[in-house]
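*Asks:* This is the structure I want to talk about, given as structure tokens.
The values are calculated or read from the model by the stated rules, or taken from the named source; none is laboratory data. Worth saying up front: this structure is predicted, and the values here are computed from it rather than measured. When we count neighbours, we look across all protein chains shown, and the Cβ atoms used for this are built from the backbone with ideal geometry, even at glycine. Accessible surface is based on the protein model in full, side chains and every heavy atom, while ligands, DNA and RNA are left aside. Shrake-Rupley method; radii C 1.70, N 1.55, O 1.52, S 1.80 Å.
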Amino acid sequence: RSRSNCRPIRRTSRTPASSLIISDQRMPKMTGVQFLSRSMKVQPQAIRILLTGYTDVESVIDAINAGEIYKYITKPWDPHDLAITVDKAIEKFELTGELELKNKQLEEALKELRSLDEAKNQFMILINHELKTPLTVIMSYLQLLEDSKLSDEQDKFVARIEAAAIRLQTLINDALELVSAETKLVKITPKKISLKGLFDGIEEPFSEALANNKQKIDVKVNVNQAKADEKIIRSILGRILDNAIKFGEKGSTITVSANEGDDEQIEISVRNQGKSLSKDSISKILKPFSLNENVMHHTKGTGLGLSICRALLKAHDSELHIECPKGEVKVSFQLPKS
């Protein structure tokens, strides 16, 4: 604070950053508001306090608007109160600095995460496409071998190679589908679909697995139509059903239903009897390549099915929900009414 002639503020590379600037309002050639306003150009981070004997509203407004004043103190001031105000002002300055540093660190971390996520997707696409070419060659030669005259032992070896190749092909296709869904490369074409038509023949692809496990599928359709991409919803339902059959109890009934949901929505659900999952287990199996070893075995799946369903439903502005009432697992999602 100074009552002498006020000279323009010049900042050099050696000028330290101020944490607090206190100015009187009445000064020669320049008011405190003008001084604090100019200080914004050279010390933008500083906390500003204005001292004045004037109490008119206009001065207060000018001080706050033009100088970004932290505190407006009228004279005569109490030294103890002023000291407390100064302490709080410096504390605010330090907290603001810490917050800016944290925000900068968060921005850098977010940029790095986005870069890593993009690199991951590009890597998966590249690797999967590179794997597809040699796999196609393997499958082609396997077909030639199957058409050849082989001994029983050779037939057994070829069958094992084929089973491994098919499993690898499934993994590659699933990984590509997941990346495509997550990177929004999958085209969604929502149309009116018949839910009865959607569920018609839903058990046919799983007839052999159902027979082996002595299971059956019970379909309950209580609404007529929904709006969605039928091909993609069929794929989602197929993956959910595949899980329900694999991990449901033998001899049990799997229920597939469509019911009225909330806010003009239709809930589609698949229920199977089986061991309930904990919240941690549910969170785990929804992540790519994650398996709940207490319930699943690595030979039964790749850990991508539910992740793909989740990504495809996100493209439909929907979500996958897993609930576990006692002795039952319910997997559901919602679609808009047509």
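*Asks:* Criterion first (open to solvent by 50 Å² or more (accessible area, probe 1.4 Å), aromatic (Phe, Trp, Tyr) and within 30 Å of SER235 (Cβ to Cβ)) does PHE157 satisfy it?
*Replies:* Here the answer is no, as PHE157 does not meet what is asked.
*Asks:* Is there any pair linking a residue in the range 240-264 that is under 15 Å from PHE333 (Cβ atoms) to one that is in a loop (DSSP other than H, G, I, E, B) and acidic (Asp, Glu), with Cβ under 9 Å and at least six apart or on different chains, and which?
*Replies:* That search, which allows pairs on different chains as well, returns LEU241/GLU203; VAL256/GLU203.
*Asks:* Sticking with this structure for a sec: Given the conditions (1) assigned to a helix (DSSP H, G or I); (2) loosely packed, with under 15 Cβ neighbours inside 10 Å, report the number of the one that LYS149 does not fulfil.
*Replies:* (1)
*Asks:* State whether one or more residues within the range 188-209 are in a loop (DSSP other than H, G, I, E, B), in contact with a Leu (Cβ under 6 Å, 6 or more places away or on another chain) and not aromatic (Phe, Trp, Tyr). Before the answer, list the steps.
*Replies:* From the range 188-209, those in a loop (DSSP other than H, G, I, E, B) are 188-190, 200-203; that's our starting set.
With the extra rule that they be in contact with a Leu (Cβ under 6 Å, 6 or more places away or on another chain), the set shrinks to none.
Checked the range 188-209: no residue is in a loop (DSSP other than H, G, I, E, B), in contact with a Leu (Cβ under 6 Å, 6 or more places away or on another chain) and not aromatic (Phe, Trp, Tyr).
*Asks:* Could you tell me whether the range 67-87 includes any residue that is small (Gly, Ala, Ser) and either in contact with a helix residue (DSSP H, G or I) (Cβ under 9 Å, 6 or more places away or on another chain) or on the phi > 0 side of the Ramachandran plot (or both)? Before you say what the answer is, go through the steps one by one.
*Replies:* First, the residues of the range 67-87 that are small (Gly, Ala, Ser): 67, 83.
Still in the running and either in contact with a helix residue (DSSP H, G or I) (Cβ under 9 Å, 6 or more places away or on another chain) or on the phi > 0 side of the Ramachandran plot (or both): 67.
Looking for residues that are small (Gly, Ala, Ser) and either in contact with a helix residue (DSSP H, G or I) (Cβ under 9 Å, 6 or more places away or on another chain) or on the phi > 0 side of the Ramachandran plot (or both), one finds at least one in the range 67-87, hence yes.
*Asks:* Can you confirm whether the range 173-180 contains a residue that is touching a strand residue (DSSP E or B) at 6+ places or on another chain (Cβ under 8 Å) and outside any strand (DSSP E or B)? Quick ask: steps written out before the conclusion?
*Replies:* Applying the first criterion (touching a strand residue (DSSP E or B) at 6+ places or on another chain (Cβ under 8 Å)) to the range 173-180 yields none.
No, the range 173-180 contains no residue that is touching a strand residue (DSSP E or B) at 6+ places or on another chain (Cβ under 8 Å) and outside any strand (DSSP E or B).
Residue by residue, here is whether (1) modelled with pLDDT under 90; (2) more than 30 Å from the chain's Cα centre (by Cα); (3) closer than 14 Å to LEU306 by Cβ; (4) open to solvent by 70 Å² or more (accessible area, probe 1.4 Å) holds:
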{"site": "ALA209", "(1), (2), (3), (4)": "no, yes, no, no"}
{"site": "GLY251", "(1), (2), (3), (4)": "no, yes, no, no"}
{"site": "VAL256", "(1), (2), (3), (4)": "no, no, no, no"}
{"site": "ASP263", "(1), (2), (3), (4)": "yes, no, no, yes"}
{"site": "LEU277", "(1), (2), (3), (4)": "yes, no, yes, no"}
{"site": "SER281", "(1), (2), (3), (4)": "yes, no, yes, no"}
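*Asks:* So how many residues does the range 169-187 have that are closer than 19 Å to MET139 by Cα and open to solvent by 70 Å² or more (accessible area, probe 1.4 Å)?
*Replies:* 1
*Asks:* For the range 265-275, which positions are basic (Lys, Arg) and either modelled with pLDDT of 90 or more or touching a strand residue (DSSP E or B) at 6+ places or on another chain (Cβ under 6 Å) (or both)?
*Replies:* The initial filter retains those residues of the range 265-275 that are basic (Lys, Arg), namely 271, 275.
Across the range 265-275, the qualifying residue is only ARG271.
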